[in-house]
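Just so it is clear, none of the values below were taken in a lab; they were calculated from the coordinates. Everything quoted here is computed from the prediction, not taken from an experiment. Here Cβ is always computed from backbone atoms with ideal geometry, including for glycine, and neighbour counts include all displayed protein chains.
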Amino acid sequence: MVQFFKRPLLDIVHNHLIEYPTPVNIHYFWNFGFLAFICLAVQIITGIFLAIHYTPHVDLAFYSVEHIIRDVNYGWLLRYAHANGASIFFIIIYIHISRGLYYGSYVAPRHFTWVVGVFILLLIMATAFMGYVLPWGQISLWGATVITNLVSAVPLVGNSIVTWLWGGFSVDNATLNRFFSFHYLFPFIIVAIAFVHMAFLHQKGSGNPLGIDSAVDKISMYPYFIIKDAFGLVLFLLFFSLFVYFLPNLLGHPDNYIEANPIVTPNHIVPEWYFLPFYAILRSIPHKLGGVIAIIISILILAFLPWITNINVRSSLFRPLYKKLFWILFSIVLILGWIGGKPVEMPYVVIGQLITFLYFVYFLIFIPFLGRLEKFLVNYKTVY
Ligand code: HEM
C-alpha cells in the first residue's frame, strides 16, 4: 500500500528535479525561477509565524507589529525578513521577467508558461498590496484608500463596489480584516499556480540563451543545475541578509511608522517602490477611469506579448534591433519608477505623460512593427 502511494510521488521528484533534461548552455539568469520559489517559501513561513502574534484590528494592528519587533523572540527577524522579503521577491520576479523579455522566453512553445507567469505577477501584486495595509501605518491606510477608490471610476456600479470592498463607508476594521484573510490565502493559490507554471514549462522543456530548439544538447538537472541553483541561493541569501540585518527600513516608507489616522492625510502618498512605474502610468492619464484602464492594460499587455511579437526567432542575440529596444523599455520603466515617486507637479507630469506614451508605443507599435520588419529583412536576405 505504502509503495502504491510512494512511487508516483517519487517519480515526480525524479522526473522533474533529478533526471529533468536541462539545456546545457543555460546561465545564471535561469536561476531566478528557482529563487522566486525560495522567496515564496520565505514569505509563507515568516508570514505564518507573524500571524501568530499579529492582531488584525484597527486599534491593535499597529501595536501588535511593534510588539512583534520588540518583545517576540526573533520577532524582529520574522518581521524584517517578511517586509524585505516582499521587496526582494519583486526584484527576483522583475529580473525573471526581464530575462524572459531579453531571451524571448515568451515566444512559443513557452507562451503558456509566460501567460501563467503574468497571472502569477498579478496575484503577487495583489498580495503585496494587501500585506502593506496590515501594519496599519499612515501609508497603509491612505495607500489602501487611494487605490481601492480607483474602482469608483467604474461607471454606475463603481461606488457600490468600493463600499462592498471596504465592508463599510471607509477603509476601516472590516477592510483590515478581509485584507488579512486574503493576504493569508493568496500565497497558497500562488503556490498552486506556480506548479501549473512548472507543468507548462516541463511539458515543452526549458529555453536557453540562444533561443534555439533546446532539445539539441541537454544534461540532467542533478547534479549540474541543482548545484548551480544552490550556489545562486548562497549569493541570494547574502544579498537578502544585507537588507534584513543592516538596512531593514531602507525600502519602506518612514510615515508607515506613524499609526494610521483617518483625519490626517500624509503629504505624499507613495506606494512601495515595486509599484511606482505603474503608479506613474495611472497618474499620467488626466482622467480617473482612463488611468485605471491604462494601468490594467500596462500589465495585461505582457500576457499578449507572444501574439503581438509575431516572430519565431526568440533570443535577442539574433535580433540586434530588438536588443536595443529591450534597453529602451528598461529605461522607460526606470524613468516611470522615478516619476511615480515624485509629486504631481511640473516637470514630472509632462515627463510622466511622455514616457507613459512611449511605454504603450513600445508594445503596440514598435514590437509588432519590428517583427514584420525583421521577417521582411530575413526574407530578402539583407544583413542588418
Ligand atoms: C511565484 C512566481 C514564479 C515562480 C516561482 C516561477 C518559477 C519558475 C521556474 C522555477 C522556472 C524555470 C527556471 C527558470 O527559467 O528560471 C521558470 C521559468 C519561466 N518563467 Fe517563471 N516563475 C514565477 C513567475 C513568473 C512570471 C511573473 C513570469 C512572466 C511574466 C514567468 C515566466 C517564465 C517563463 C517564460 C519561463 C521559461 C523560461 C525558459 O525556459 O526559457 N515566471 N519560472
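Equivalent ellipsoid semi-axes for region 2-269, as square roots of 5 times the alpha carbon gyration tensor eigenvalues: give them largest first, rounded to whole Å.
Here the semi-axes work out to 38, 22, 18 Å.
In debye to the nearest 20, how big a dipole does region 281-384 give about its Cα centre with +1 on each Lys and Arg Cβ and -1 on each Asp and Glu Cβ?
Here region 281-384 has a charge dipole of around 300 debye.
Hey, what do the phi angles of region 288-294 turn into as Karplus ³J(HN,Hα) couplings, whole Hz, using 6.51/-1.76/1.60 and θ = phi - 60°, x for Gly and Pro?
With the stated coefficients, region 288-294 comes to 4, 5, x, x, 5, 4, 4 Hz.
Over all pairs of distinct alpha carbons, what does the Kirkwood formula give as the hydrodynamic radius of region 53-212, in Å?
This gives a value of 18.0 Å.
If you average the sequence gap of Cα pairs under 8 Å that are 6 or more apart and divide by the length of region 2-269, what percent do you get for the contact order?
33
Write down the radius of gyration of region 1-148 and its Dmax, each obtained from C-alpha positions, in Å.
Just the Cα atoms of region 1-148 yield Rg and Dmax of 19.6, 57 Å.
How big is the dipole moment of the chain about its Cα centre under a simple scheme where the beta carbon of each Lys and Arg is +1, that of each Asp and Glu is -1, and everything else is neutral? Debye, nearest 20, please.
1240
For a footprinting-style exposure proxy, rank Thr55, Thr22 by other Cβ within 10 Å, fewest first.
Placing the least packed residue first, the sequence is Thr55, Thr22.
Taking the chain, how many lysine pairs are there with alpha carbons less than 18 Å apart, if each pair must be eight or more places apart or span two chains?
Step by step, the pairs that qualify in the chain add up to 4.
Would you pull out the residues with amide H under 5 Å of Thr22's amide H, same chain only if 5 or more places away, H placed 1.01 Å from N?
Ile219, Ser220, Met221
Per 10 Å bin, what is the whole-percent P(r) computed from every C-alpha pair distance within region 281-384?
14, 41, 27, 14, 4, 0
Under 5 Å between amide H atoms, partner at least 5 residues away or on a different chain: which partners does Gly137 have, H built in plane at 1.01 Å?
Ala260
Based on DSSP loop calls and a cut-off of at most 16 other Cβ atoms within 10 Å, the longest stretch of the chain free of exposed GluC sites (Glu not before Pro) is what?
Result, exposed sites excluded: 20-344.
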